[in-house]
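J.: Take this structure first; my questions come after.
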Amino acid sequence: MRHFRVAVLLFLLTPGTAFAAVAPGAPGQKALWTEADKDGFGTATGTRSKVWHTLDDGELTEVYYPDIATPALRDLQFVISDGRRFAERERQSAGHAIALADQRSLTYTQTNTTRRYRIVKTYVTDPRRDALVVDVRLVSRTGKKLKLYALADPALSNDGDDDRGRSVRRALVAHDKQAASALLASPRFRRTSSGYLGRSDGWTDLRSDHKMSWTYRASKPGNVVQTALTALDGVKRRHMTLVLGFGRTGASALSTAHTALRTGFRRSATRYAAGWHAYLGSLTPRPASAAPFATTYDVSAMTLAASEDKTHRGAYVASPSMPWAFGQGLEKPSSVYHLVWSRDLYQIATGLLAAGDRAGAGRSLDYLFGSQQTPDGCFPQNSNLDGTKHWENLQLDEVAFPVVLAWQLGRRDAKTFGSVKRAVGCILEKGPATPQERWENQSGWSPATIAAEIAALVCAADIARANGDTASAVEWEAKADDWQSKVDGWTATANGPFDPQPYYLRLSKHGDPNVGTTYDIGDSGPTKVDQRKVTDPSFLELVRLGVKRFDAPVVLTTLGVVDRRLAVDTPHGRFWHRFDFDGYGEKQNGSPWDVNLPTNPTEDWAKNTTIGRVWPIFAGERGEYELAAGQSTAARGRLAAMASAAGPGHMISEQVWDQFPPSGSAGFPRGLETTSASPLAWSHAQFLRLAWSIEAGHPVERPSAVACRYAGCG
């Protein structure tokens, strides 16, 4: 009985027990995701650890658990104080640097520096469990002792507004109805608290008197922010291991975190790096074309591999980010770029295939055919990780690409042929016009989509012959030939304002490119624009997929039109806009795009509400065209441009700043990432594929069955 009383007394005296005061101010301010331009991205290579992490501006940003579509933490940063005169957050106050701690592993180190202190943080996930492990070093640059606080913002189950938080001994636990997290450290935290953003959180506490006065528990659901006073002072105590563990319950998250802490950072980091070393070692040796950009090449390969879910294999997402805090505008809880698009997955798979990861490319195809719709044989516009349809529209290039991928992988078995045949049925029934084209906001006759459809028909015919179905092969090739002969008449205007010779449009609304049909650009672009005024670099799909020769007259004319209309020369190389008057980008002042913004009232791009910036993928696609044209030197320049556009952590973004810099343009350097998605898996896949295309002397993605039929086998 005496031992029991002593245990109870010790429990009551332990800081941060369940007897802490209830935090006021629930539910707190609304949760918002962090910026999408990530500096770093990582996860372990195996499937046992279902945790992914992102880094940006000197702090840990969104962490994903239990899959790559589900954010579980918004951010974690440190507050530094002397306890008397100042308290500052490292993200806002310090200069930031990021670097790979290991050039062949997604192991990143952040260094944040002011005149008072330097904080160095290195991140890995424990390959054997659901935990993130961080090595933290604090150095006082003045010789005076400091106080270091961890400030963590859970956002469990893809929603930061319904969490609860409490202290359990010297750990911080958060939970909602589906998942939980646990934050602890060695040496142990000195003081802990869980409050609500803007009302009772740690930063609200610290910024008032530079001391931590509150020790709350957040017992009601809301936007919980958790705070811990660490043992570090920057003088005598400089080193700490921080662990963030996850589980379905608070108890399991705590158990995971404690086990990871006992394992230690060094052992976890060694295992983590060994996994990435083995993965890179399994690939085809890096091509000579990538030698000047070796680290960006390796990071690109690892980024693609890291973008695959660990439960639903073959499900590679578009990006581990929320462009323009996307979760707040288009959908909440966040999804969008965490979905799987057939088109993006095709790009990823061909990048993996080029680099030598045939198994990953094969899993992609298995996933695609697993999500194929019945009975029509089409594919969803995008899907959840489990393959179920998410958005409802149909894009016929997304139906065509799995067929082309099957051909590229040499998959000619009967089961694959069954899936191919159903996809062809969808294309023949609904094409060649598409309900949505490549950029997802217009219907019509698109040269890019029709190129993919033709390529799919020819590839499918080859697979049909391998399965003894000569009749289908003949029928599909005849349809491909018919569409190939008509694509110019459907999509190239002979009386447009940009050139006296015919040039390809982004699309024609009704298959007649010579009439002044108008349509709304979409994505906050202007309304009622003459279709003959809208061009798009995507017409090069006709050449890249082997449907047209590189020197076809309409192709050459359109190259000039697109370069005059959409190309932007930057200090990092030449890049292109998606299409004329694109509004899918930041506002004029650089603030975020939002789905609810009004459409732009004018065709004067610089005066538009929002401006779609330039995309690095187009440099890669132009490079592939140039290889088809025998211009290898130019193609090497495109590869260099893509590498130059990568951020400090070698992440390649969706968009980079263009010729319309935001007002007060300092901090918006042309040719470097905007706050769009970064890393974008498509961008990294395009970089890998171009590197191997340069090595091969021709676009490695181009199906020879198509090129030999229409563009020449050379």
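The values are calculated or read from the model by the stated rules, or taken from the named source; none is laboratory data. Everything numeric here is computed off the predicted structure, so don't read it as measured data. Note: ideal-geometry Cβ built from the backbone for every residue, glycine included; neighbour counts use all protein chains shown. Protein only, heavy atoms only, side chains kept; ligands, DNA and RNA dropped before computing areas. Shrake-Rupley method; radii C 1.70, N 1.55, O 1.52, S 1.80 Å.
J.: Quick check on the chain: helices-only [θ] at 222 nm, where DSSP H runs of length 4 and up contribute -39,500 (n - 2.57) each and the sum goes over total residues. Nearest 500, please.
T.: Result for the chain: -10500 deg cm²/dmol, rounded to the nearest 500.
J.: Can you tally the net charge around residue 211? Count Lys and Arg as +1, Asp and Glu as -1, for every other residue whose Cβ sits under 9 Å from the Cβ of residue 211.
T.: Charge balance near residue 211 sits at 0.
J.: Now, a different point. What is the spin-label model distance, in nm, from residue 288 to residue 695 if the labels are put 7 Å beyond Cα along the C-beta direction?
T.: 1.2
J.: If you don't mind, another one. If I model a spin label at residue 663 and residue 259 as a point 7 Å from the Cα along the Cα→Cβ vector, what separation in nanometres do I get?
T.: 5.6
J.: Also: For the range 85-212, what is the accessible area per residue in Å² when the probe is 1.4 Å?
T.: Per residue, the range 85-212 has 38 Å² of solvent-accessible surface.
J.: Also, I was wondering about something else. Would you tally the net charge around residue 674, using a Cβ to Cβ cut-off of less than 12 Å, leaving residue 674 out, and scoring K and R as +1, D and E as -1?
T.: Combined, the nearby Lys, Arg, Asp and Glu give -3.
J.: Same structure again: For an R0 of 35 angstrom, estimate the FRET efficiency from the Cβ-Cβ distance between residue 594 and residue 471 and round to the nearest 0.05.
T.: The calculated FRET efficiency here is 0.10.
J.: Residue 358 to residue 527: FRET efficiency via 1/(1 + (r/R0)^6), r the Cβ-Cβ distance, R0 41 Å, to the nearest 0.05?
T.: Computed FRET efficiency for residue 358 and residue 527: 0.30.
J.: Just order 599-609, 166-176, 583-593, 229-239 by mean Cβ neighbour count inside 10 Å, highest at the front, would you?
T.: Result, highest mean Cβ count within 10 Å first: 166-176, 583-593, 229-239, 599-609.
J.: Determine the gain in length on full extension of the stretch residue 632-residue 82; use 0.36 nm per residue of separation and subtract their C-alpha separation, reporting nm with one decimal.
T.: Working it through step by step, the gained length comes to 192.1 nm.
J.: Please compute the length gained on full extension between residue 32 and residue 386, using 0.36 nm multiplied by the number of residues separating them and subtracting their Cα-Cα distance.
T.: Answer, rounded to one decimal: 124.8 nm.
J.: With +1 on the Cβ of every Lys and Arg and -1 on the Cβ of every Asp and Glu, and nothing else charged, how large is the dipole of the chain about its Cα centre, in debye rounded to the nearest 20?
T.: That gives a dipole near 4260 debye.
J.: Could you sort 577, 258 by accessible area so the largest value comes first, with the probe set to 1.4 Å?
T.: Ranked from most to least accessible, the order is 258, 577.
J.: Compute the label zone of residue 313 within the range 125-143: residues whose backbone N is under 20 Å from the point 7 Å along Cα-to-Cβ.
T.: 127-130
J.: While we're here: My understanding is that a pair violates if its Cα-Cα distance is over 21 Å; which of 415/479; 310/332; 121/332; 147/236; 389/486 do that in this structure?
T.: Violating the 21 Å limit, Cα to Cα: 415/479; 310/332; 121/332; 389/486.
J.: State, to one decimal in nm, how far the label point of residue 415 lies from the label point of residue 233, with both points 7 Å from Cα in the Cβ direction.
T.: My value for the distance between the label points is 6.5 nm.
J.: With the other protein chains left in place, how much accessible area per residue, in square angstrom, belongs to the range 647-714 at a 1.4 angstrom probe?
T.: 30
J.: Here's something else I'd like to know. Just going by the charge dipole of the chain, with Lys and Arg at +1 and Asp and Glu at -1 on Cβ, which of 264, 648, 395 is farthest out on the positive end?
T.: Value: 264.
J.: Using alpha carbon centroids, what distance separates the range 203-263 and the range 439-509, in Å?
T.: 57
J.: Do any cysteines of the chain lack a neighbour Cys whose Cβ is under 4.7 Å away, and which are they?
T.: 459
J.: Quote to one decimal, in nm, the extra length available between residue 248 and residue 278 on full extension: 0.36 nm per residue of separation minus the C-alpha distance between them.
T.: 7.7 nm
J.: Consider a paramagnetic label point 7 Å from the Cα of residue 512 along Cα→Cβ; state which residues of the range 421-456 have an amide N under 15 Å from it.
T.: Flagged as within label range: 445.
J.: Hey, any idea what % of the chain's accessible area is carbon plus sulfur with a 1.4 Å probe?
T.: 51
J.: Return the label of the correct value of log10 I(q)/I(0) by the Debye sum over Cα atoms at q = 0.06, 0.08 Å⁻¹, as calculated from the structure shown, out of (i) -0.37, -0.63; (ii) -0.41, -0.74; (iii) -0.54, -0.92.
T.: The listed entry that was calculated here is (i).
J.: Count the net charge of all other residues whose Cβ sits under 13 Å from the Cβ of residue 475, scoring Lys and Arg as +1 and Asp and Glu as -1.
T.: Its environment carries a net charge of -1.
J.: Using the heavy atoms of the protein chains and a 1.4 angstrom probe, tell me the accessible area per residue for the range 445-536 in square angstrom.
T.: Accessible area per residue, the range 445-536: 34 Å².
J.: Using the Cα gyration tensor of the range 110-232, with a ≥ b ≥ c the square roots of its eigenvalues, what is the shape: rounded (a/c below 1.5), prolate (a/b larger than b/c) or oblate (neither)?
T.: Judged from the Cα gyration tensor, the range 110-232 comes out oblate (a/c at least 1.5, b/c at or above a/b).
J.: Show 89, 622, 532, 564 ordered by accessible area, largest first, where the area counts protein heavy atoms only and the probe is 1.4 Å.
T.: 564, 89, 532, 622
J.: Relative contact order of the chain: what whole-number percent is it, with Cα pairs under 8 angstrom and at least 6 residues apart?
T.: Relative contact order, the chain: 12 percent.
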